[in-house]
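The structure appears right after this line, and notes come after that.
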Protein chains: 2
Amino acid sequence: MINVGIMGLGTVGTGVVELLETNRSTIARRLGDEVEVKKILVRDLSKKRTPYAEGKLTTRADDILEDGEIDVVVELMGGEEPARTYIKKALENKKHVVTANKEVISKHGKELLELAERSGVSLLFEASVGGGIPIIRPMKQCLAANRIMKISGILNGTTNYILTQMREKGWSFGEALREAQRLGYAESDPSADIKGFDAARKLAILSSIGFNARITPDRVYVEGIERIGPEDIKYAGELGYTIKLLASARRTGEGRVEAVVAPAMLKENHPLSAVRDVYNAILVEGDAVGQVMFYGQGAGKMPTASAVVADIIDAARGGKRIYCTCYGEVEVVPASLMTSRFYVRLKAEDNPEALAEICGALGRNGIGLEMAAQKGVGGGLVEIVMLTLWVPFGDLQRALNEIKNLKGVKEVANIIRVEEADEDGLHGGHR
Amino acid sequence: MINVGIMGLGTVGTGVVELLETNRSTIARRLGDEVEVKKILVRDLSKKRTPYAEGKLTTRADDILEDGEIDVVVELMGGEEPARTYIKKALENKKHVVTANKEVISKHGKELLELAERSGVSLLFEASVGGGIPIIRPMKQCLAANRIMKISGILNGTTNYILTQMREKGWSFGEALREAQRLGYAESDPSADIKGFDAARKLAILSSIGFNARITPDRVYVEGIERIGPEDIKYAGELGYTIKLLASARRTGEGRVEAVVAPAMLKENHPLSAVRDVYNAILVEGDAVGQVMFYGQGAGKMPTASAVVADIIDAARGGKRIYCTCYGEVEVVPASLMTSRFYVRLKAEDNPEALAEICGALGRNGIGLEMAAQKGVGGGLVEIVMLTLWVPFGDLQRALNEIKNLKGVKEVANIIRVEEADEDGLHGGHR
């Protein structure tokens, strides 16, 4: 009998309790042992709960952390504290820990994994990235023979829902956000999703594993989707692109990596461009395996519970643990030095001099253009949409700072990265 | 130091030897130990080989199987014998076995896994399905909390290449096959691929794991792609479908499963319809996780080597083994009782009586139609293309046997299953 203590009985916690009950016999057959929820930490004993939780609730964390019969502690409270302190104490008390807490793992993964190793127990966090999609374990085990070159993905369902609705329904960002909140896809304070911090935490976890390096969220360059307007969606579509919040990390040389979360324009044949609404997908490129993609529901009660319970089963199986080898030091390339192609949207006066001055500023800063198009907006103003060649972000920023101050220019409305279709694309024609 | 013996130095064997060398330090860091190829079994010592194989070749299997220093035996010879005998002996001698041999695993997996369990060693076969795509381990571990409801996939790259070329270039089956052979995607005797047997072996392995049941390849209903003509590709396209060789298994009730490999028409928004050329993809549906998809190169030297080396690392890690729980008995639904929607293409005389008689035969056998369309072919003949409602395959066969013998009917040219777009499709709009 494996005794489990669950800390936090929100949506995912309830899903875990229910799944352990409904699939009890399947799980027991696969594990060769029964899994039993012994205690559940909640804040409020009076709240109505799933019937499976009856008689197990407690408001004292130590009832779980100090219970010698509990083998696996499942932390599902979220947030940095007290979750981190509880995980630490559970590991010190030689309990396996399973968590979906991307904030704690991305920031404190190293110290906690070292502690787990010293205690000889597991610290598993499959549910912290991609909900139910298997990604952490496949990267650690199935791709272990590869040098991982690149990881890119749609890691946040809320923003992907908003961008999908903006594109398909023509909604503004605000309209799409309100609908996401109404459906429960976005929280009342949506900033961690919208501003890209949620995706940055997940990218930090994946790239730490993939590159065997310590990459914390503060080392990821982050832009959110707040500035994406219907015009950008429209112009992107005209050029054959879809705008996604892309989390992307790649090796750019020995000991150097780039890690970015930012809106990106993907060609419509890019495998990630078809990922709609709250779905997530992660594309991993290894030197031997080429590109592999993992795809599914990146959030939600039962998909996330599926990943948590798989980790419980794995922890309960015992045997040799796989600890992190994510301790290597790497240099993270500063955003100003990252090169990309960029889409730029400007508002300017409708006269030839304005355009000439813009081109001059671009030329002085070494920004080559693939195309530029003028779109009418009325009132003597035009919108200018440009696609640059590959240029360093810092050079573009310098050029745009000059351009912003030109007399005929009203606004630099947006800058969006253009993700190259990978030469060896999954939908491509060669191997 | 982990000593490895490799049996078979063809394309994949060479890839494994090279990958262990080129990524030696990455692998050693992840495993915490060095992996060394000690001996390699070949048939012909005089053939030119990768330089990394030098000094390690032998033509005697027992040099590997009886070598007390070899920890892991990697079987990459393919075919049923002597591979099965060698795997058995290696397991008896308490060596871990890693294999890419789908024929041996799909037919003899049960006895070999039981033997591995008795010997306390691992028998791993990630590379037997989907090349480098992580699928076996994710199903066994990451989805362990789920009751798997359905598995469907494009599991054979050769046939997917042929069907892609027929669709995109308008080639005949024969032309596409010859090009596949020229590129090395199809063997000179391509029947195992073309007739669906290769995909059936892979489906047997996946569904045994997914449904915790013993499903051998002979229990899978199999049709190949030889009869697919350019007309079928064309008419499917007109109806908004792509034709794929689909391997599909699902639970249809307590202790009952369906397992089919056959051409299927997929709606163009189906996640598997975009998988082109030699790529593979597997869609798994679990009761908790919903649908997840795994995608990548299903064959090829280095992708397959990536999976083999991951298994070597896993075997070398030691610790508790996960054995198969695939011993449950299930009833496999006979093909005649499997219901589906079907596409039917007939050649008939161009007169109203012929059509009336066809409709009569369908009606007598309870076959309802969603649509029927008449296409001109000339010479007093027409082609009739029909989509049925959901009907048992046996009823349709009975109707078509009557129709075949009607005076005005020249030929029942083809019958193809129509795969329903899953209600909760990955590209869909809800969760």
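Computed from the alpha carbon positions, the gyration tensor of the stretch A:136-298 leads to an equivalent ellipsoid with semi-axes of 28, 16, 14 Å, biggest first. Between identical copies, the spacing of A:G184 label points, each set 7 Å from Cα toward the C-beta atom, reads 5.3 nm from nearest to farthest.
Inter-label distance, A:A413 to A:D63: 5.7 nm, where each label sits 7 Å from its Cα along the C-beta direction. Rounded to 0.05, the FRET efficiency of the B:R364 and B:T252 pair, given R0 = 25 Å and the Cβ-Cβ distance, is 0.40. Over the protein assembly as shown, one equal point on each Cα, no solvent: what is log10 I(q)/I(0) by the Debye formula at q = 0.05 Å⁻¹? For the protein assembly as shown at q = 0.05 Å⁻¹, log10 I(q)/I(0) is -0.30.
Farthest toward the positive end of the dipole of chain B, out of B:A274, B:G79, B:G379, is the Cα of B:G79, where the dipole comes from beta carbon charges about the Cα centre.
Listing A:I367, A:I322 from fewest to most neighbouring C-beta atoms within 10 Å gives A:I322, A:I367.
Taking only DSSP H segments of four or more residues, each worth -39500 (n - 2.57), what value at 222 nm results for chain B once the sum is divided by all its residues, to the nearest 500 deg cm²/dmol?
Values: 13 runs with 144 residues, N = 431.
About -10000 deg cm²/dmol.
Could you give the alpha-carbon Rg of chain A over 2.2 N^0.38 Å, rounded to two decimals? Walk me through the intermediate numbers first.
Values: Rg = 23.9 Å, N = 431, 2.2 N^0.38 = 22.1 Å.
Here the Cα radius of gyration is 1.08 times the empirical estimate.
Against chain B, whose longest principal axis comes from its Cα atoms, helix B:83-92 is set at around 40 degrees. Placing unit charges on the Cβ atoms of the charged side chains and taking the dipole of the protein assembly as shown about its Cα centre, the candidate lying farthest along the positive direction among A:G298, B:V16, A:A204 is B:V16.
Under the convention that each Lys and Arg Cβ holds +1 and each Asp and Glu Cβ holds -1, the size of the dipole of the stretch A:339-419 around its Cα centre is about 180 debye.
Charge dipole (Cα centre; +1 on Lys/Arg Cβ, -1 on Asp/Glu Cβ; no other charges) of the protein assembly as shown amounts to roughly 840 debye. With a 10 Å cut-off around each Cβ of B:299-311, the average count of Cβ atoms from other chains is 5. Check the straight Cα-Cα distances from A:K47 and name the lysines below 21 Å, setting aside those fewer than 8 residues away within the same chain. Within the straight-line cut-off, A:K47 pairs with A:K38, A:K39, A:K56, A:K301.
Treating r as the C-beta distance of A:S191 and A:K110 and R0 as 25 Å, the FRET efficiency rounds to 0.40.
The distance linking the stretch B:26-55 with the stretch B:164-232 is 32 Å (Cα centroid to Cα centroid, whole angstrom).
Find the Rg to Rh ratio for the stretch B:234-301, where Rh is the Kirkwood radius over alpha-carbon pairs and Rg uses the same atoms.
Result: Rg/Rh = 1.01.
Taking the longest Cα principal axis of chain B as reference, the axis of helix B:11-22 is set at about 50 degrees.
For the pair A:K234 and B:T339, a Förster radius of 41 Å applied to the C-beta separation gives a FRET efficiency near 0.35, rounded to the nearest 0.05. Modelled spin-label separation between A:A373 and A:E329, with each label point placed 7 Å from Cα along the Cα-to-Cβ direction: 4.9 nm. If you model the stretch B:2-128 as an ellipsoid using its alpha carbon gyration tensor, with each semi-axis the square root of five times an eigenvalue, the axes come out at 22, 17, 14 Å, biggest first.
With a cut-off of 14 Å on the backbone N, the residues of the stretch B:159-197 near the modelled label site 7 Å out from A:N269 along Cα-Cβ are B:165, B:168-169. Ordering B:N414, B:I358, B:L369 by the projection of their Cα atoms onto the charge dipole of the stretch B:338-419, which places +1 on the Cβ of Lys and Arg and -1 on the Cβ of Asp and Glu, puts B:N414 at the extreme positive end.
Per-residue Cβ neighbour counts within 10 Å put A:F294, A:F342 in the sequence A:F342, A:F294, beginning with the fewest. For the stretch A:86-106 versus the stretch B:318-391, the inter-centroid distance based on Cα atoms is 54 Å.
Taking K and R as +1 and D and E as -1, what net charge do the other residues with C-beta under 13 Å from the C-beta of A:S172 add up to? For residues surrounding A:S172, the net value is 0.
The count of lysine pairs in the stretch B:124-266 that are at least 8 places apart or cross chains, and whose C-alpha atoms lie under 27 Å apart, stands at 13.
Here, each number is a calculation from the coordinates, and none is a lab measurement. Note that the structure is predicted; figures quoted are calculated from it, not measured. A quick note on method: Cβ atoms are made from the backbone with ideal geometry, for glycine too, and the neighbour counts reach across all protein chains shown.
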